[in-house]
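The values are calculated or read from the model by the stated rules, or taken from the named source; none is laboratory data. All of these numbers come straight from a predicted model, not from anything done at the bench. Methodologically, a virtual Cβ is constructed for each residue, glycine included, from the backbone with ideal geometry; neighbour enumeration extends over all protein chains shown. Heavy atoms of the whole protein, side chains included, go into the accessibility calculation; ligands, DNA and RNA do not. Shrake-Rupley method; radii C 1.70, N 1.55, O 1.52, S 1.80 Å.
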Amino acid sequence: MSVSSLETTVGDDVRRVRGNDYRVLQPPEDFVPELRVSVIIPAYGAQHKLDLVLRGLARQTYPAELTEIIVVDNGSSPPLRLPGDSAARLIRCDRPGRAAARNAGLAEATGDVIHWLDSDVVLTPGAIEAHMRWHHAAPYLSVTGYIRFTSAPLPDTLPEDLEAAFEPALPHAWLVGLVERTDGLTANPVRPFSLHVGGATSVSARLIEAAGPMDEDLVLGQDTEMGYRLAQAGAVFVPEPRARAYHLGPTMRMREQQRVDRVSHAFVADRIPAYQWLRTHPARRWKVPYVTAVLDGTAGYEAVRTAVDALLASTVADLSVVLVGPWDRLDRDRRAPLKDPDLDLVLVHGHYEHEPRVRLATAAEVDPSVPFVLRLPAGWAPGEDGVAKLLDLARAEGLGLVQVLLRESPEGVVAARLERVSAFARARLVVRPGEDLDDAVADVSGVRWVTGEAYGFTEGPVEPLGRRAAYQARVRAEAEAARLAGEAERLRGQVAKWRDEAARWRRSTVELRREVGALRREVHAAQRDRRLDQQRGMRAVLSRRMRRALGRRSRG
């Protein structure tokens, strides 16, 4: 079934879930079972565990006539067998790997719901019914049960009381922690698709057909990667505590988590853009980019180049561009190229034909695994950090659509659009006949308008800055910093010189003060001596005058 057929089948009367808040669905406790479920069990060896798993399925409360069980023998030697009273069907898949085995079972399945089940996971009797209760409420769900890991010895036959036989057991700590941290996965966690674990998860078959089968090229991490594609197709992820199961022994991940993560991360980084912490390289390309920009490649060479070059020079390196145009019909005029009526198309084609981040396409088709699509009119250039800021806004507010107002005039509005692919996929599932798709996006995720000026959008040719310009600016800044450091050192030397000069002048001032003081004392002494001399002279004059006067008297 194609995505479009899924949309027409689902959309009319399905309740709308905003983000991952599935609580609005409120499935009834009592429901009339109508949907068929296909339980797919990939198995390799471990016949005794498989027998116990099949016995657990035989006890399910969900109607047996609506339950299909497919066991996929993934090359076991000796081959696996089914118990004589089992209602399961056994097929063989010789291509090794759990993903290949699951896909083989998926190809044979006829149910409305696919229930992945590992060959060492025993379901409690009401588990499938707990899953199907949700699937009767909405046709775009992924429901995961709660698995407990038991180390109890395996019984010869499955006991009636599973809890008494398999407890004490350990919970799936990571899953339980994720659910508790996010209020049951309703508080819009960043990666709800991580709940899609293959041990005991059920998914709408139509949703799987829209998302695609398991990726057989992956060594590990197939469950998570498929969960991501299901999210991109509009899935809502539901943890169901009443769907309980026992895992017979620890998993490989529990035994060797670091080694498993090392292998898994090496592959899923290319396929799951949401795992940004795995994409630490500042410039390399990935199989699935984080954002793809779509432009009209027929809008003129200069206009197209303005937009594309600005995008390629932006701070978001994890970006690709799709240029839409009639490239398959392009026929260059070799004799009179300047008179070619398709000259601008020829120039665009020639300019970007060998740019690895630009794809020349005849239709505006984008890889559905890309998280965000930017639809940008040619001739408009976002600021160097404009795309990054738009992505930050969409992530921070959980928006499905950010409309960027570029120009408003009597002729109309020119706008760019940043679309969250998963939100649009969900909206297509629930949009009503005649309803604008953007209105449905507003219900399931949210819509915001912003101005282009706030994000650095300009019209017309600009000189792209980009990482090369940033490097050149850094080199210039480093040279300027070195120059200023030298100047500062020179000034520090000058200041030291001035300080020495000032100290010398202070010493000279002290010496001058001393000399002035000595001179003052000498002047004072000289003045004192002169006064004494004057006094002695006066006394001598007076003495002579008195002697003369006394002499005259004595003679008279």
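Summary table below
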quantity: Condition met for residue 424 (touching a Leu at 6+ places or on another chain (Cβ under 8 Å), at negative phi, of a type in the set (A, V, I, L, M, F, W, C) and touching a residue at least 60 places away in the same chain (Cβ under 8 Å)); calculated: no
quantity: Qualifying positions in the stretch 399-414 - open to solvent by 30 Å² or more (accessible area, probe 1.4 Å) and of a type in the set (A, V, I, L, M, F, W, C); calculated: 405, 413, 414
quantity: Matching option when the condition is part of a helix (DSSP H, G or I), touching a residue at least 40 places away in the same chain (Cβ under 8 Å) and either β-branched (Val, Ile, Thr) or closer than 25 Å to residue 69 by Cα (or both), among 210, 165; calculated: 210
quantity: From the options 471, 455, residue that is touching a Leu at 6+ places or on another chain (Cβ under 9 Å), among the aromatic types (Phe, Trp, Tyr) and either modelled with pLDDT of 90 or more or under 30 Å from residue 302 (Cβ atoms) (or both); calculated: 455
quantity: Candidates 218, 230, 175 - the one that is crowded, with 18+ Cβ neighbours inside 10 Å and within 18 Å of the chain's Cα centre (by Cα); calculated: 230
quantity: The stretch 322-347 residues that are farther than 25 Å from residue 364 by Cβ, paired with ones that are surrounded by 14 or more Cβ atoms within 10 Å (Cβ to Cβ) and at pLDDT below 90 (beta carbon under 6 Å, 6 or more apart); calculated: 333/340
quantity: Test: residue in the stretch 132-150 that is open to solvent by 30 Å² or more (accessible area, probe 1.4 Å), modelled with pLDDT under 95 and farther than 30 Å from residue 22 by Cα; calculated: no
quantity: The stretch 270-309, residues that are within 23 Å of residue 378 (Cβ to Cβ), open to solvent by less than 10 Å² (accessible area, probe 1.4 Å) and over 11 Å from the mean Cα position of the chain (by Cα); calculated: 292, 293, 295, 297, 304, 307, 308
quantity: Criterion violated by residue 424 - all others in (1) modelled with pLDDT of 95 or more; (2) under 20 Å from the mean Cα position of the chain (by Cα); (3) open to solvent by 30 Å² or more (accessible area, probe 1.4 Å); (4) of a type outside the set (A, V, I, L, M) satisfied; calculated: (3)
quantity: Residue, nearest to residue 211 (Cα to Cα), within the stretch 345-373, restricted to residues that are of a type in the set (A, V, I, L, M, F, W, C) and open to solvent by less than 20 Å² (accessible area, probe 1.4 Å); calculated: 370
quantity: Residue within the stretch 328-346 that is part of a helix (DSSP H, G or I) and in contact with a strand residue (DSSP E or B) (Cβ under 6 Å, 6 or more places away or on another chain) present; calculated: no
quantity: Subset of the stretch 380-404 [closer than 20 Å to residue 442 by Cβ and touching an Asp or Glu at 6+ places or on another chain (Cβ under 6 Å)]; calculated: 401
quantity: The stretch 193-207 - residue that is open to solvent by 20 Å² or more (accessible area, probe 1.4 Å) and not in a loop (DSSP other than H, G, I, E, B) and, of those, nearest to residue 97 (Cα to Cα); calculated: 205
quantity: Criterion violated by residue 154 - all others in (1) outside any loop (DSSP other than H, G, I, E, B); (2) open to solvent by 20 Å² or more (accessible area, probe 1.4 Å); (3) touching a His at 6+ places or on another chain (Cβ under 8 Å) satisfied; calculated: (1)
quantity: Filter pass, residue 129 being within 15 Å of residue 241 (Cβ to Cβ), open to solvent by 20 Å² or more (accessible area, probe 1.4 Å), in contact (Cβ under 8 Å) with a residue 24 or more places away in the chain and assigned to a helix (DSSP H, G or I); calculated: yes
quantity: Identity of the residue in the stretch 100-117, charged (D, E, K, R) and more than 31 Å from the chain's Cα centre (by Cα), that ends up surrounded by the fewest Cβ atoms within 10 Å (Cβ to Cβ); calculated: 108
quantity: Output for the stretch 380-398, where each listed residue is over 16 Å from residue 318 (Cα atoms) and open to solvent by less than 10 Å² (accessible area, probe 1.4 Å); calculated: 381, 394
quantity: Those residues of the stretch 44-58 which are touching a residue at least 60 places away in the same chain (Cβ under 8 Å) and either open to solvent by 60 Å² or more (accessible area, probe 1.4 Å) or β-branched (Val, Ile, Thr) (or both), in sequence order; calculated: 44, 48, 53, 55
quantity: Test: residue 376 is surrounded by 16 or more Cβ atoms within 10 Å (Cβ to Cβ), in contact with a strand residue (DSSP E or B) (Cβ under 7 Å, 6 or more places away or on another chain) and in contact (Cβ under 8 Å) with a residue 60 or more places away in the chain; calculated: yes
quantity: Qualifying positions in the stretch 150-164 - closer than 11 Å to residue 48 by Cβ and of a type in the set (S, T, N, Q); calculated: 157
quantity: Wholly enclosed strands (runs of 3 or more DSSP E) of the stretch 359-435 bearing at least 2 residues β-branched (Val, Ile, Thr); calculated: 401-409, 412-420
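Residue-by-condition table, conditions (1) among the hydrophobic types (A, V, I, L, M, F, W, C); (2) open to solvent by less than 40 Å² (accessible area, probe 1.4 Å); (3) at pLDDT 95 or above:
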site: 25; (1), (2), (3): yes, yes, no
site: 30; (1), (2), (3): no, no, no
site: 37; (1), (2), (3): yes, yes, yes
site: 40; (1), (2), (3): yes, yes, yes
site: 61; (1), (2), (3): no, no, yes
site: 69; (1), (2), (3): yes, yes, yes
site: 78; (1), (2), (3): no, no, no
site: 85; (1), (2), (3): no, no, no
